[in-house]
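Enquirer: Below is the structure I would like to discuss, written out as structure tokens.
The values are calculated or read from the model by the stated rules, or taken from the named source; none is laboratory data. This is a predicted model, so every value here is computed, not measured. Every residue, glycine as well, gets a Cβ built from its backbone with ideal geometry; the counts of neighbours run over all protein chains shown. Heavy atoms of the whole protein, side chains included, go into the accessibility calculation; ligands, DNA and RNA do not. Shrake-Rupley method; radii C 1.70, N 1.55, O 1.52, S 1.80 Å.
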Amino acid sequence: MFLALRELSFARARFALMGAVVALIAILMVLLSGLSVGLVNDGVSGLKKVPATSFAFADGVAHDAAFSRSVVDVDAVEAWREVDGVRDAAPYGNLLVNARSDAGVDIDLALFGVESDSFMAPEPTEGEPLGDAPTGVVVSETATDEGIEIGDTLTLAQVGTELTVVGVLEGQHTFGHVDVAYVPLRTWQEVKVGASPDDVAAGDLPERTYREVTAVAVRAADSADLAAADRAAGTESLALEESFGASPGYTAETSTLLLIQVFLYAIGALVVGAFFTVWTIQRSHELAVLRAMGAPTGYLLRDSLAQSLVLLVLATGVGVGIGVGAGALIGSTPMPFALDTGAITLAAVLLVVLGLAGSAVAALRVARIDPLTALGGHR
Amino acid sequence: MSSSAPETTTGEAGLLLEGVTLQLGDGDDTVRALDDVSLRVEPGELVAVVGPSGSGKSSLLAVAGGLTVPTSGTVRVGGHDLVEANRRTRARLRRELIGFVFQSGNLLPALTAADQLRLPTRFARRSSSASERPERDPHALLAEVGMDHKADRRPHQLSGGERQRIGIARALATHPRLLLVDEPTAALDRQRSQEVVALLVRETHEHKVATVMVTHDHDVLHHCDRVCEMVDGRLTPASPATPGRA
Ligand SMILES: Nc1ncnc2c1ncn2[C@@H]1O[C@H](COP(=O)(O)OP(=O)(O)OP(=O)(O)O)[C@@H](O)[C@H]1O
Ligand SMILES: [Mg+2]
């Protein structure tokens, strides 16, 4: 570190330039990570908070649109309950709708239809849980940010069904970028087939209306043979995590962001590697002199790596600091953005490690420099 | 003769070359840069090597300093064999036994004069046998070469002659047995050249180090204890008094 630190301070303008590039990459990393965590939350936080381990969809349904396309008969719920290792199974309905509150607030909702006595029933921290009343609805806390309150009446577009907000769930429950609203399963089934309150009152809905759900929500032990259960029930189950990919746009969003992040890491490693390669080449005569003086190769390698480590850690630290500051500002806007300590730490560590790998390539040149070139007469 | 003789044998030459030949280049295009060169330099003796360009002077320093292994012959520094040693060992022997003074000082731009002297002692500190010898105080050494008042200057704030003085002090910082000096006055005017060579001679005598100095500058030879001439890779003694005092 003797030489490394003195060089850092002597060539500070050059290192500051390099550090600025690394810091900018770190800022971008933090913002991208915030955006991707935000998008994931926006897309599937409602699913993440569900107490199920798997969803059993209709057999053969497209995996990227299972929540909107799957239709399963309620008999499948019984079939799943019979399976060894399955602790519980409940019908589950999923439907995206538009609604307007009596206060005039327009809101998009993901209607989750559940039986109010099943394990899937929501547990609001404010107000009442879903009771027997067919018009009750429990909404995500994020809906209250839009101006929905307990006691509001929500009128669903097209069908005209009127729901009363009875409870609010703590935290963000969203699905496909809209707020989740839990309704009783029967109400969900009526909305699903497009039955207006008048149609329901007339009582002439087709019999299958009350037999169809989106999926079976399953709570199973690790030991449960899900494949066998699928065969018995005629369904296709996806683990909760896998089912995220079935929510609208989730796969496209996350893979695009992942691709950008991978590119940024590669750019970071290459830029740092290129900088230290040029820096090493510029100093090759000095390094030859050091080697002629008998400097151990290990000493020179450690010194170069320590130098890049100091630069990378400082620059990444500054970048993450600025990124988190900027992220806090963005987080207060409606943009889907959430700073996650784990994700940011991972990004920072990866940036430093990959930068170090880049500079290690440059450091290998140090080992190859011939001390003979230090003598004036040679070359 | 055993190759790993203990380092402090009295009567051991600072540098001993016997029948050293160095072939350079490959295939048909080989050059005998050194042709059966023998040279013995005692501790406290400064030997100047003169000769036309391309005669093999730098090659002599490279072989004596363990930067190149000769094609044949013996190279011993303070009793240590440089020919048999591997790369690692040669690097260790260089930092423990040999000091280099390069053409224009070749100081590190990032370091102050005092730090230039501290750096080689940091390499040497890693070696076991170096710990027996006390480190030299950088400021005392700088004072010896008349540069103590500029200990905090970096190379770009120093003149060529000042850089060369610091280069000499740096080479002496690890108590070397052998000092190898490559054209120390090439970038200096007449007055500075005289001063620098006089300094080298003084340090050589004072610290009992064996010094080999390659030079083109015939005006400085009168300072030297002995002068050798290199022609086409062959080293022959020249009389010390005649060339310089002319
Ligand atoms: N790497 C090499 N490969 C082949 N031949 C070389 C190599 N290096 C030097 N030579 C040759 O070896 C001979 C001695 O070179 P050397 O550099 O020792 O000369 P010198 O006396 O130091 O010359 P100068 O006074 O110009 O510095 C020259 O003929 C040179 O062309
Ligand atoms: Mg030369």
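Enquirer: Which percentage, to the nearest 5, of the DSSP beta bridges contained in chain A is antiparallel? Mind dumping the intermediate values first?
Expert: On the way: 36 of 47 bridges.
Approximately 75 percent, going by the DSSP bridge assignments.
Enquirer: Any idea of B:Val69's accessible area? Nearest 10 Å², probe 1.4 Å.
Expert: The accessible area comes out at roughly 60 Å².
Enquirer: Need one number: nm distance between label points at A:Val71 and B:Asn86, each 7 Å from Cα along Cα→Cβ, rounded to one decimal.
Expert: Placing both labels 7 Å beyond Cα along the Cβ direction yields 7.8 nm.
Enquirer: Show me the ranking of peptides B:207-214, A:145-152, A:74-81 by mean Cβ neighbours inside 10 Å, starting with the highest.
Expert: Numbers: B:207-214: 23.9, A:145-152: 15.5, A:74-81: 18.8.
Final packing ranking: B:207-214, A:74-81, A:145-152.
Enquirer: Can you give the average number of partner chain beta-carbon atoms within 10 Å of each beta-carbon in peptide A:293-303, as a whole number? Don't skip to the answer; put the middle values down first.
Expert: Working: counts 17, 18, 9, 7, 3, 2, 5, 1, 0, 0, 0.
Partner-chain Cβ atoms within 10 Å, mean over residues of A:293-303: 6.
Enquirer: Across the range A:60-233, how large is the tail of the calculated P(r) beyond 21 Å, expressed as a percent of all Cα pairs? Kindly include the intermediate steps, with their values, before the conclusion.
Expert: Numbers: 7411 of 15051 pairs.
Taking all Cα-Cα pairs of the range A:60-233, the fraction more than 21 Å apart is 49 percent.
Enquirer: Take A:Arg186, project a point 7 Å from its Cα along the Cβ direction, then tell me which residues of the range A:91-133 have their backbone nitrogen under 13 Å from it.
Expert: Residues A:115-117, A:131-133 fall inside that zone.
Enquirer: To the nearest whole number, what is the average tally of beta carbon atoms from other chains within 10 Å of the beta carbons of peptide B:102-110?
Expert: Details: counts 8, 4, 1, 1, 10, 2, 9, 6, 11.
So the per-residue partner count for this stretch is 6.
Enquirer: Okay, moving on. Determine the distance separating the Cα centre of the range B:28-73 from the Cα centre of the range A:114-156; give it in Å without decimals.
Expert: 93 Å
Enquirer: I would also like to ask the following. How many Cβ atoms of partner chains, on average, are near each residue of A:281-288 if near means within 10 Å of its Cβ?
Expert: Numbers: counts 0, 0, 3, 0, 2, 5, 1, 3.
Average per residue, whole number: 2.
Enquirer: Which value in deg cm²/dmol, rounded to the nearest 500, describes the helix-derived mean residue ellipticity at 222 nm for chain B, given -39,500 (n - 2.57) per DSSP H run of n ≥ 4 and division by the residue count? If you can, show how the numbers build up before the last one.
Expert: Numbers: 7 runs with 75 residues, N = 246.
Using -39500 (n - 2.57) per qualifying helix, the result is -9000 deg cm²/dmol.
Enquirer: Plugging the Kirkwood radius over Cα pairs into Stokes-Einstein for the protein assembly as shown, at a temperature of 37 °C and a viscosity of 0.692 mPa s, what D comes out in µm²/s? Intermediate results must be reported in sequence, preceding the final value.
Expert: Values: Rh = 30.8 Å.
The diffusion coefficient I find is 106 µm²/s.
Enquirer: Compute the length gained on full extension between A:Asp84 and A:Met1: take 0.36 nm times their separation in residues and subtract their Cα-Cα distance, giving the result in nm to one decimal. If you can, show how the numbers build up before the last one.
Expert: Values: separation 83, 0.36 × 83 = 29.88 nm, distance 6.27 nm.
Between A:Asp84 and A:Met1, full extension yields an extra 23.6 nm.
Enquirer: Angle, helix A:250-282 long axis vs. longest principal axis of chain A, Cα atoms, 0 to 90°, nearest 10?
Expert: 0 degrees
Enquirer: Tell me, what % of the accessible area of the range A:60-233 is carbon and sulfur with a 1.4 angstrom probe?
Expert: Working: 3490 of 8050 Å².
Taking all protein chains in place, the range A:60-233 shows 43 percent carbon and sulfur surface.
Enquirer: Using Cα atoms only, what is the angle between the long axis of helix A:297-331 and the major principal axis of chain A, expressed in degrees (0 to 90) to the nearest 10?
Expert: Value to nearest ten degrees: 40.
Enquirer: Summing +1 for each Lys or Arg and -1 for each Asp or Glu, what net charge is found among the other residues whose Cβ lies under 12 Å from the Cβ of B:Gly161? Present the calculation step by step, with values, prior to reporting the outcome.
Expert: Working: positive: B:Lys150, B:Arg163, B:Arg165, B:Arg190, B:Arg192; negative: B:Glu162, B:Asp189, B:Glu195.
Neighbourhood net charge equals +2.
Enquirer: Suppose we keep just the DSSP beta bridges with both residues in chain B; what percent of those would be antiparallel, to 5? Please list the in-between numbers first.
Expert: Working: 20 of 37 bridges.
That works out to approximately 55 percent antiparallel.
Enquirer: Can you classify the range A:151-298 as rounded, prolate or oblate using the Cα gyration tensor, where a ≥ b ≥ c are the square roots of its eigenvalues, rounded means a/c under 1.5, and otherwise it's prolate if a/b beats b/c and oblate if not?
Expert: Cα axes put the range A:151-298 in the prolate bin.
Enquirer: Note down the Stokes-Einstein diffusion coefficient of chain B in µm²/s, whole number, using a Kirkwood radius over alpha carbon pairs, 37 °C, and 0.692 mPa s.
Expert: Answer, rounded: 180 µm²/s.
Enquirer: Okay, moving on. Can you tell me how the range A:279-379 classifies by the Cα gyration tensor, rounded, prolate or oblate, using a/c under 1.5 as the rounded cut? Let's see the in-between values first.
Expert: Details: a/c = 4.63, a/b = 3.73, b/c = 1.24.
Taking the square roots of the gyration eigenvalues as a ≥ b ≥ c, the range A:279-379 is prolate.
Enquirer: Another question, then. Under 12 Å from the Cβ of A:Asp117, count the other residues' Cβ atoms, weight Lys and Arg +1, Asp and Glu -1, and hand me the total. Kindly include the intermediate steps, with their values, before the conclusion.
Expert: Details: positive: none; negative: A:Asp88, A:Glu115, A:Asp132.
Combined, the nearby Lys, Arg, Asp and Glu give -3.
Enquirer: Counting DSSP beta bridges in the range A:60-233, what percent are antiparallel, to the nearest 5? Kindly include the intermediate steps, with their values, before the conclusion.
Expert: Values: 28 of 39 bridges.
About 70 percent, rounded to the nearest 5.
Enquirer: Test of understanding: in a Gaussian network model of chain B with alpha carbons linked when under 10 Å, which of B:Asp115, B:Asp28, B:Asp219 would top the mean-square fluctuation ranking?
Expert: Maximum fluctuation in the GNM of chain B, among the listed residues, is at B:Asp28.
Enquirer: Next up: Taking the Cα-to-Cβ direction at A:Ala360 and at A:Ser223 and moving 7 Å from each Cα, how far apart do the two end points lie in nm?
Expert: Computed distance between label sites A:Ala360 and A:Ser223 equals 4.4 nm.
Enquirer: With N set to the number of residues, divide the alpha-carbon radius of gyration of the range B:26-103 by 2.2 N^0.38 Å and report two decimals.
Expert: Details: Rg = 13.2 Å, N = 78, 2.2 N^0.38 = 11.5 Å.
Dividing the Cα radius of gyration by 2.2 N^0.38 Å gives 1.15.
Enquirer: Next up: Suppose only helical runs count, i.e. DSSP H with n ≥ 4. What mean residue ellipticity at 222 nm does that imply for chain A under -39500 (n - 2.57) per run, divided by all residues and rounded to the nearest 500 deg cm²/dmol?
Expert: Numbers: 13 runs with 195 residues, N = 379.
Value at 222 nm, helices only, nearest 500: -17000 deg cm²/dmol.
Enquirer: With angles folded into 0 to 90 degrees, how steeply does helix A:12-48 sit against the dominant principal axis of chain A? Use alpha carbons for both and round to 10.
Expert: 10 degrees
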